[in-house]
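For reference, the structure discussed in these notes is given below.
Bear in mind these aren't lab numbers, they're just calculated from the coordinates by the rules spelled out. Since the model is a prediction, treat every value here as computed from it, not as a measurement. No Cβ is skipped: glycine too gets one built from the backbone with ideal geometry, and neighbour counts run over all protein chains shown.
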Amino acid sequence: MNPEREPMVERSYHIRLELFKKAFIAFQKRFVYPRNWLLTAVLGAVALVYLDSVTQNPSNYLAMALLVVCAAMIAILWFNPRKIRKNLFDSLQELENDTYHVCFYENSMTISTEDMPSLPTAKEQKAVSTLADDIYAAENPKEEEATAENPVESEESNGFRPLFEGEETAAPQSDKIEPTVIQFHKNVKVIEYSEYFMVYLVKQMFYVVPKEAFNEDELIRLRCIFTDSLGERFHPMKQ
């Protein structure tokens, strides 16, 4: 993707916590629960075999143990999605006010977070001192303090003075966090719901793009982008 290319649709938005909860439940129903039902059917069939064996021979402790294992695995299959959902919702309370920026191109999209934490200033960085630094300074005092009359030159300075005295060294800047780029290839699906688009990266993660952030013309353009780029992997909302 050429980063200098103009996006076809561009927008900043927030994701309401209630909207994300709806999206996550819809995600589980569409991509998690079908697998769970299949595994439950298989484990249930196996459990019935062991149940019949235990009924015929109550002293068959191996069959009884395997029956309990099957029942436990079925319980875990349905308990884990609920536990994951609860833990996720509890951790999202502070993220509701984050601002996201999305750009849609012909065959891709980018998503970034605008509310990034600010870096500490040079003065704040200088004020930070750890206990280890204090102990090291106490155990290794400087042999000679530099003064205006008696400057101390380090071995690395080779006798040269700074070119611009009095200037503070600029604090190193961290690399800019690049936006997440999603190419519309075979491992991407987009499902349209009444309130949002779900962009699903198969077996990895999904993104929620709320429709309330776009006007009607932009929504039509988004549907055209998804249809042209994804074909059958775009599932529009049934009217």
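How many Å³ per residue does the convex hull of the Cα positions in segment 179-239 occupy?
Details: hull volume 5.8 nm³, N = 61.
Given the Cα convex hull of segment 179-239, per-residue volume reads 94 Å³.
At what distance in nm do the modelled label points of Ala45 and Gln183 sit from each other, each positioned 7 Å from its Cα along Cα→Cβ?
According to this spin-label approximation, the distance is 3.9 nm.
PRE reach from Glu232 (point 7 Å along Cα→Cβ): which of segment 21-40 fall under 19 Å by backbone N?
Answer for this model: 31.
With label points built 7 Å along Cα→Cβ from the Cα atoms of Ile25 and Asn80, find their separation and express it in nm.
2.2
Run the quick spin-label model on Arg5 and Asp98: label points 7 Å from Cα toward the beta carbon, then report their separation in nm to one decimal.
2.7
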